[in-house]
Each structure stands twice: as structure tokens, then as C-alpha cells.
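Report on one structure; see the data block that follows.
Since every read-out is calculated from the coordinates, none of them should be taken as a lab result. The structure presented is a predicted model; accordingly, all values stated were derived computationally and were not measured. Positions of Cβ are generated from backbone atoms using ideal geometry, with glycine treated the same way; all protein chains shown enter the neighbour counts.
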Amino acid sequence: MNQPVSLIGAPTDVGAGTRGSSMGPEALRVANIGPVLAGHGLDVADRGNLAGPPNPGLPPVDGYRHLPEVLAWNLAVHDAVYAELQLGRRPILLGGDHCLGIGSISAVARHCRDTNRKLRILWLDAHADFNTHTLTPSGNLHGMPVACLCGHGPKELIEIGGHVPAISPKWVRQIGIRSVDKGEKEFVHEMDLEVFDMRFIDEMGMRHTMELALATLDANTHLHVSFDVDFLDADVAPGVGTTVRGGPTYREAQLCMEMIADTGRLGSLDVMELNPALDVRNGTAEVAVDLIESLFGKSTLRRR
């Protein structure tokens, strides 16, 4: 867990329906994400913010909103994340809306192919993000990244990283899901995506959920966490554009992060959909940084 860490800002909301997540990277910096991680003895390098096209605010074309802009941002993200992995560092992508997971995870998958490592993806989110242009009710690409990574999306996006599909659905574990569109629900079932929704967590508890989600990890597994802040209950994290009531509590989320940290396998991280325009005194960013600190080893006591 002492592998050096690189912060990469991606200040855009081109894939979202609500403006404001473009301010997410700076809100996380204001909440001291860099110094907090450095306080755990980590070598932290802040690479600043990537550049990309502005949000044009246009309606969907052929089922996709802002496809050229989403492509540009994801290409930039892919190259930045891949470069840090090649340097032996752990990239932390500071979003930005969740469409950026396409670039981030395609880079991680490419790195795993290069190094002959297995990949496990934990998708912490209120939403499955498994829409396609024929299923989406909005055309917003932040609702499609998992589908695109699995090869179901526009040619431009599914080819990022040089391999189609970039990942297999079998590598993904979705946790905290509680909002899935009607057509998307059928597609998730058809593709046999492993989803631990809130009913499962309610019935079985977060500990058992995480034991299953982390099962079979070994020394040759790269663990990627894609953390959408709306994973959390809206009372805990109001500063997101797509709040859904009934998510994990603060303590459930802490347990989730601590159990990931216990594996010692975390290789890369996305922090997505933080929207300071909808927040109160940067409180959601502070909660997110607190949870990220646990993801990197903060605990109440030294564990044996």
C-alpha cells in the first residue's frame, strides 16, 4: 500500500445531465485529499487538471449527448492514467462525471494486458451505468460507461485502449445499486453482471457483500475502485447531481472501504460525480476524502 499515488483532475460534466461536477476536482483538493494521503506516508504527486472541450449543452444525437466531447475527455483520461501506471504509480482520477470511467478503466485494462495481470473492478454507485443509446431515457453518457467498457457503445468509445471489449462483465462487481432504468435492468440480467444491490446489502449486510465482492483476489490481481459519490445515501452526501435515497450509511461505507484496504490490492481509483454546486460547505467532498483515507489504510486501531 506504499506505492506512490498520482492525483489527476478531470474537470468536466459533459457526460452528465446536471452541470457542476466539473468543479469536483477542486472541491476534493479544498478538502485536502493530497495532504490527507501524504499524512499516511504516501508519496503523493498532484498532476493538476487535464484539459478538454467545454460542455456545449446540446440535445442527444443518435442517442448520445456530447459524444465528441466525451470522446476527447476520455482519450485524455486514458493517456494520463496509463502513463501513471507505466511509472509504477497508483492513479486517482478526480472527476468529473462518471463517463470518465471509460477512459480510466480502459487504461487500467490495457496495463493489465501489458503486465499479464487479472483485473477486478468494484463499481460503487447508486446506478448500474449499463445503458446503451437505445435504452437510455436521456442520452447522457455518464449512464453508459460500464456498457461501453463491455463493448456495447459507440465505436469511438469502445475502442479506447486498443482492445474491444476493454473488459469482461465477469470482472465487475457493482455495489450499492438502487436505480436502474427499465430496459437497462433487462440488459444487466442478459449480460449476467454481478450486482449487489441495496436489497442484497439490507438482507446480508455490508460485510458479507464485500466478502463476496473481494473473493478470489490474489497477488496477481489489480483492484480498481470506481467510486461514484452518489453511492452514499443522500443524507450523507447531498453534493451529487443524481441523488437516490436509501444508499449505504456512513458506517457501511467505511466498512466497505476498510475491507478493500485490508486486501492490499488497490491499484487505481476513480472519484466521480462530486458536485460542489449542490453541496453544503464542501461537506460531501470532506466525507469523500474521509472515505478515501480509509481506502488507503486509515483505521481506528492497528489490525492484526
Problem set entry | Within a Gaussian network of the chain (alpha carbon springs, distance under 10 Å), most fluctuating of Cys148, Cys99, Cys256 | Cys256
Problem set entry | Cα-Cα pairs of region 1-53 separated by more than 16 Å (percent) | 47 percent
Exercise. What does the helix-only formula give at 222 nm for the chain: each DSSP H stretch with n ≥ 4 adding -39500 (n - 2.57), the total divided by the residues, and the result rounded to the nearest 500 deg cm²/dmol?
Worked result: -11000 deg cm²/dmol
Exercise. What is the ratio of the Cα radius of gyration of region 225-304 to 2.2 N^0.38 Å, where N is its residue count, to two decimals?
Worked result: 1.09
Seminar exercise, completed: Interchain or sequence-distant (5+) residues whose placed amide H lies within less than 5 Å of the amide H of Ser6 are Ala45, Arg90, Ile92
Problem set entry | Rh by Kirkwood over Cα pairs, then Stokes-Einstein D for region 167-304 at 0.890 mPa s and 25 °C, µm²/s | 155 µm²/s
Problem set entry | Hz values of 3J(HN,Hα) by residue in region 137-145 - Karplus curve (6.51, -1.76, 1.60), Gly and Pro given as x | x, 10, x, 6, 6, 6, x, 10, x
Seminar exercise, completed: In terms of the charge dipole of the chain, which places +1 on Lys and Arg and -1 on Asp and Glu at the beta carbon, the residue among Gly15, Ala27, Met257 farthest towards the positive end is Met257
For this session: Select from Arg117, Arg89, Arg173 the residue whose mean-square fluctuation is largest in a Gaussian network model of the chain (Cα-Cα springs shorter than 10 Å).
Result: Arg117
Problem set entry | Assigned charges on the beta-carbon of Lys, Arg, Asp, Glu; the chain dipole about Cα centre (debye) | 740 debye
Problem set entry | Under Karplus coefficients 6.51, -1.76 and 1.60, residue-wise ³J(HN,Hα) of region 162-178 in Hz, glycine/proline x | x, 9, 10, x, 5, 9, 9, x, 5, 8, 9, 10, 9, 10, x, 5, 8
Exercise. Hey, any idea what the orientation-averaged projected area of the convex hull of the chain's Cα atoms comes to, in nm²?
Worked result: 14.0 nm²
Exercise. For region 58-205, max minus min Cα coordinate along each principal axis, in Å, sorted largest first?
Worked result: 41, 41, 25
Problem set entry | Sequence-distant residues sharing a close amide H with Leu119 (under 5 Å, placed H) | His222
Seminar exercise, completed: The distance between the Cα centres of region 188-234 and region 1-41, in whole Å, is 22 Å
Exercise. Using +1 on the beta carbon of Lys and Arg, -1 on that of Asp and Glu, and nothing else charged, what's the dipole of region 93-150 about the Cα centre, debye to 20?
Worked result: 360 debye
For this session: Please build a GNM for the chain, connecting alpha carbons under 10 Å apart, and tell me which residue among His98, His152, His224 fluctuates the most.
Result: His152
For this session: Starting from the Cα gyration tensor of region 150-220, take the square roots of the eigenvalues, sort them a ≥ b ≥ c, and report rounded, prolate or oblate (rounded when a/c is under 1.5, otherwise prolate if a/b is larger than b/c, else oblate).
Result: oblate
Seminar exercise, completed: For region 2-16, Karplus-derived ³J(HN,Hα) couplings (6.51, -1.76, 1.60; θ = phi - 60°; whole Hz; x for glycine and proline) come out as 8, 4, x, 10, 10, 8, 10, x, 10, x, 8, 10, 5, x, 9
Problem set entry | R0 of 22 Å, Cβ-Cβ distance Val61-Glu159: FRET efficiency to nearest 0.05 | 0.70
